[in-house]
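What follows draws every value from the coordinates through simple rules; no lab data is involved. Quantities reported herein were computed from a predicted structural model and do not represent experimental measurements. Neighbour counts are summed over all protein chains in view; Cβ atoms, including those assigned to glycine, are modelled from backbone coordinates with ideal geometry.
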2 protein chains.
Amino acid sequence: MKILVVEDESDLRDAIVSNLIGQGYICEFAEDYRQAEDKLLLYEYALVVLDIQLPGGSGFDLLRWLKKEMNNTGVLILSAFDSLDHKINGLDRGADDYLTKPFHLSELNSRINAIIRRRIYVGSSTLIFNEIELNHEYRSVTINREPVPLTKKEYDLLNYFMINKKRVLTKESIAEHLCGDDIDLANNFDFIYTHIKNLRQKITKHGGEDYIKTVYGMGYKMTDR
Amino acid sequence: MKILVVEDESDLRDAIVSNLIGQGYICEFAEDYRQAEDKLLLYEYALVVLDIQLPGGSGFDLLRWLKKEMNNTGVLILSAFDSLDHKINGLDRGADDYLTKPFHLSELNSRINAIIRRRIYVGSSTLIFNEIELNHEYRSVTINREPVPLTKKEYDLLNYFMINKKRVLTKESIAEHLCGDDIDLANNFDFIYTHIKNLRQKITKHGGEDYIKTVYGMGYKMTDR
DNA sequence: CTTCAACAACGAGAATTTTCATTAAATGAA
DNA sequence: TTCATTTAATGAAAATTCTCGTTGTTGAAG
């Protein structure tokens, strides 16, 4: 799951990109219309953060093209104008959200997370990763069709990995996801180590492969190879 | 702590109001812009549930006025339009949440609870009930100035009682408050008995009076007499 | 005043979550 | 490479939360 940031002002762009990477997203950027188009043709992105005023063309045009070519990509529009007209224009053309500059990065984050969460939960309630299946409706997990008893925290952890497969998840973001509002940011997140260990043990014990790879210094990701 | 429901469709309004009263809230309503304004000038409400399309004026206007005049009141917007623009418009102007009709009452409940919980934690961070003091900033509780070690669930439970002193709280609403979204509605709520017992024991053991009165067949309330 | 049924209190223990101390592994610098 | 440092894994135990069976209470009906 990748995010493309299309923004010509380098300071803002760098801030957004490094912030998103810090959040555990895989993040690329484009500086103008042409670059953005090229990248969008080459890779699949879950979300495009799109500035409206771009060298080489209007962000609205890119949005229209994007929505025609690939409608599985979310779009968050950035604009220097707090014009209702612009806003409606953008949202009518299929953007998922609209943010006026200047904004706080935290605001951007929460909107990005909201878009991605919305896109993820659409579709079926069953997540499948090779022999592992997770069914939200029954809150059940099976490996090779055999049920695996998981505690709530383990279930949530596995779910988080399966939603974000191939993406690196930091201890911090995992803790935030597992504990919701109850998280104590002053504390350390070492208890995640234990949950990871327990989940891995239960998966392998029930005949599953350990797809949870450690990314040293970063976090973990669930992946095949 | 009172909630004002501003909604002109009488069926929906009645449903919301009786539902909220059932939840233990003190609840009033207004049918149009003018009535809403009058009530808001007269009484203090913790939360306004606000329909956007109102006879006599737009809910957005009321929201803007409300946020200018009294910014200690939470606002949850109801709208028949699932328009992102509306949503952003509302949230930008200071609403705390936004719900599109039609919705389940349970959805409304959990959002209302969330807003109220959030608002409670803002503001003055110390709650006092005779010899018992609860300080959010340090997540600490003292009885006669002596610290009392409480677990998170006990702390949240005591907090819930102190926020709602003299009001009867049902097992169900307590469970919902303690467990947030994690609540399993199919289950029974007997574990509340244990938390009540443990909290009472800790309070009396540390020299506090047991203000948590059992209301047979109803629930519990925290009160002096 | 009894009896009954629903509700609440309680203790004990099971399950889960979290902490902690120790060991192992990975990385970058010397 | 080796060393030092940071990061991760692990087992064990502490703390917390939840379940369950038993006992006690309450209020309504007879």
- Among A:158-170, B:133-145, the order from most to least packed when residues are scored by Cβ within 10 Å on average: A:158-170, B:133-145
- Query: How far apart, in nm, are two points set 7 Å out from the Cα along the Cα-to-Cβ line at B:ARG225 and at A:LYS101?
  - Reply: 6.4
- If the cut-off is a Cα-Cα distance under 21 Å, which lysines reach A:LYS101, setting aside same-chain residues fewer than 8 apart in sequence? A:LYS87, B:LYS87
- Message: How much length would be gained if the chain were fully extended between A:ARG139 and A:GLU44, taking 0.36 nm per residue of separation minus their Cα-Cα distance, in nm to one decimal?
- Response: 31.2 nm
- homo-copy label distances at B:LYS153 (7 angstrom along Cα-Cβ), nm, one dp, ascending, are 1.4
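Can you bin the range B:126-222 into rounded, prolate or oblate? Criterion: square roots of the alpha carbon gyration tensor eigenvalues sorted a ≥ b ≥ c, rounded for a/c under 1.5, prolate for a/b above b/c, oblate for the rest.
Taking the square roots of the gyration eigenvalues as a ≥ b ≥ c, the range B:126-222 is prolate.
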- What's the extension gain from A:VAL215 to A:LYS197 if we count 0.36 nm per residue and subtract their Cα-Cα distance? 5.0 nm
- Set A:LYS2/A:LYS68; A:LYS152/B:LYS153; B:LYS2/B:LYS202; A:LYS68/A:LYS165; A:LYS2/A:LYS171, cut-off 25 Å on Cα-Cα distance; pairs above it are B:LYS2/B:LYS202; A:LYS68/A:LYS165
- Return the average number of partner chain Cβ atoms within 10 angstrom of each residue Cβ along peptide A:95-103. 1
- Item | Pairwise FRET efficiency - B:ASP61 versus B:LEU12, Cβ, R0 = 30 Å, nearest 0.05 | 0.90
- State, to one decimal in nm and shortest first, how far the label point of A:ASN198 sits from each corresponding label point in the other identical copies (label point: 7 angstrom along Cα-to-Cβ). 1.6
- Shortest first and in nm, the label-point separations between B:ILE183 and its counterparts in the other identical copies (7 Å out along Cα→Cβ) come to 2.4
- Listed by chain and number, the aspartates and glutamates with an alpha carbon less than 12 angstrom from that of A:LYS213, same-chain partners under 8 positions apart left out, are A:ASP224
